[in-house]
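Report on one structure; see the data block that follows.
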Amino acid sequence: MKKQTRNLCIAAAALVILGGIYLAVSSREEQPETVAVGNLADMDVTGFSYSNADGTWNFAKTDGAWTNADDATCPINNDTMQELVDAIQGLTADRSLETPDDDADYGLDDPDYTVTLSDGSENVTLTASVQDTVTYLKLSEGDTVYATSSALPEGLDNGLTDWIAYDNIPYATEDSLTEIVWNDMTVTRVMEDTAEAETEDSQADTDETADEAGDSAEDEEEAVKWQITDASGTRTVEQDTTMDAFLNDVRGLYVLACADYGIATEQEKQTYGLDDPDSLHVTYTTEDGTASYTIAIGASNGDDGYYAMLDDNGIVLVLESAGVDALRSVSLADA
């Protein structure tokens, strides 16, 4: 009887423990994992500005398109700008501090970032300070401080040139290339027909001759050759390893970033070494016909690239230095 009573007590205790665990888990599940930062998500944002250690930038949205509020001629990448605004409006925190300490205790007296959103009638400013692994946020209205371990949108570290919309270098396959003008050298594709099969018996009868001629036509292939015109004259060469390298380098130029916009005068171009640049003009075939582009390559940016401009459109790009160096190093003089 005592043993039976003891077993009942153990079972009852187990039920109490399990019940406690269930209530704890249920209570935890009912708690929100994150809290919204104010009512940012409810705003119909038409004005946006932000500041970081490098400066302050202002943008405006009209008819669904973002522009630089300080210079309407600056071409802004609408998609990436909207992605940043959406990310800011969607900010959440791990917890909110309704009765916080002084702003200085959270680094909010000298914030790392300041963001202002406007819907045309209301402006809301958000300050943010990153302290080790925790970011503290505060809205201009109210005393609540929000704390989160999540990273802020990367775009807040950008400068203006990171938002500029620019055309990339068109993609052309090697087989589509028809002409390349690299500085004073012109390289033009030449197609020549070669027959792999030959008539073995010139004395065969008419039927055999006709059959062999048909076989020869089927075996014909187009061998690619290139005509090179430079200071030494004009010559035709086959596509060897040197030519392969040249073609790959022509197609291997890669845009790293945008450096400036609205560059038109010779004096402005001189800043980037684009007043007397290396010039690459590429002509290639497409499904719709023939297309071409021209890249002017200027001075080094002193880091990992060279300044360049596509089709003289006024936007200064930065090309990866490895691709430019490779193109400049290939010589077709002995090809």
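The values are calculated or read from the model by the stated rules, or taken from the named source; none is laboratory data. Note that the coordinates shown come from a computational prediction; the quantities given were computed from them, not determined experimentally. Ideal geometry is used to build each Cβ from the backbone, glycine not excepted, and the neighbour counts take in all protein chains shown. These area figures cover heavy atoms from the full protein model, side chains too; ligands, DNA and RNA do not enter into them. Shrake-Rupley method; radii C 1.70, N 1.55, O 1.52, S 1.80 Å.
Below are the figures for this structure:
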{"item": "Subset tally (residues that are under 14 Å from ARG189 (Cβ atoms) and touching a helix residue (DSSP H, G or I) at 6+ places or on another chain (Cβ under 6 Å)) for the range 227-282", "result": "1"}
{"item": "Tally, over the range 258-280, of residues that are surrounded by 15 or more Cβ atoms within 10 Å (Cβ to Cβ) and part of a strand (DSSP E or B)", "result": "5"}
{"item": "Boolean, ILE295 is in contact with a Gly (Cβ under 7 Å, 6 or more places away or on another chain) and not aromatic (Phe, Trp, Tyr)", "result": "no"}
{"item": "Number of the exception - ASP304 against (1) open to solvent by 40 Å² or more (accessible area, probe 1.4 Å); (2) touching a helix residue (DSSP H, G or I) at 6+ places or on another chain (Cβ under 9 Å); (3) within 21 Å of THR283 (Cα to Cα)", "result": "(3)"}
{"item": "Among the residues listed as THR116, THR5, THR99, the single one being modelled with pLDDT under 95 and not in a helix (DSSP H, G or I)", "result": "THR99"}
{"item": "The range 314-332, subset open to solvent by 20 Å² or more (accessible area, probe 1.4 Å) and not β-branched (Val, Ile, Thr), residue nearest to CYS74 (Cα to Cα)", "result": "GLU320"}
{"item": "Pair list, Cβ under 6 Å, 6 or more apart: the range 222-246 residue farther than 15 Å from ASN183 by Cα and aliphatic (A, V, I, L, M), other residue at pLDDT below 95 and open to solvent by less than 50 Å² (accessible area, probe 1.4 Å)", "result": "VAL237/ALA335; ALA245/VAL330"}
{"item": "Within the range 282-298, considering residues that are among the small types (Gly, Ala, Ser) and farther than 18 Å from GLY262 by Cα, the one farthest from the chain's Cα centre (by Cα)", "result": "GLY289"}
{"item": "In the range 140-177, the residues that are in a strand (DSSP E or B) and surrounded by fewer than 18 Cβ atoms within 10 Å (Cβ to Cβ)", "result": "ALA147"}
{"item": "Residue tally, condition in a loop (DSSP other than H, G, I, E, B), under 23 Å from GLY90 (Cβ atoms) and either at pLDDT below 95 or of a type in the set (Gly, Ala, Ser) (or both), over the range 44-67", "result": "1"}
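Every residue, every condition in (1) at pLDDT 95 or above; (2) within 30 Å of LEU317 (Cα to Cα); (3) in contact with a Lys or Arg (Cβ under 7 Å, 6 or more places away or on another chain), yes or no:
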{"site": "GLY155", "(1), (2), (3)": "yes, yes, no"}
{"site": "PRO170", "(1), (2), (3)": "yes, yes, no"}
{"site": "ALA195", "(1), (2), (3)": "no, no, no"}
{"site": "ASP211", "(1), (2), (3)": "no, no, no"}
{"site": "SER216", "(1), (2), (3)": "no, no, no"}
{"site": "ILE228", "(1), (2), (3)": "yes, yes, yes"}
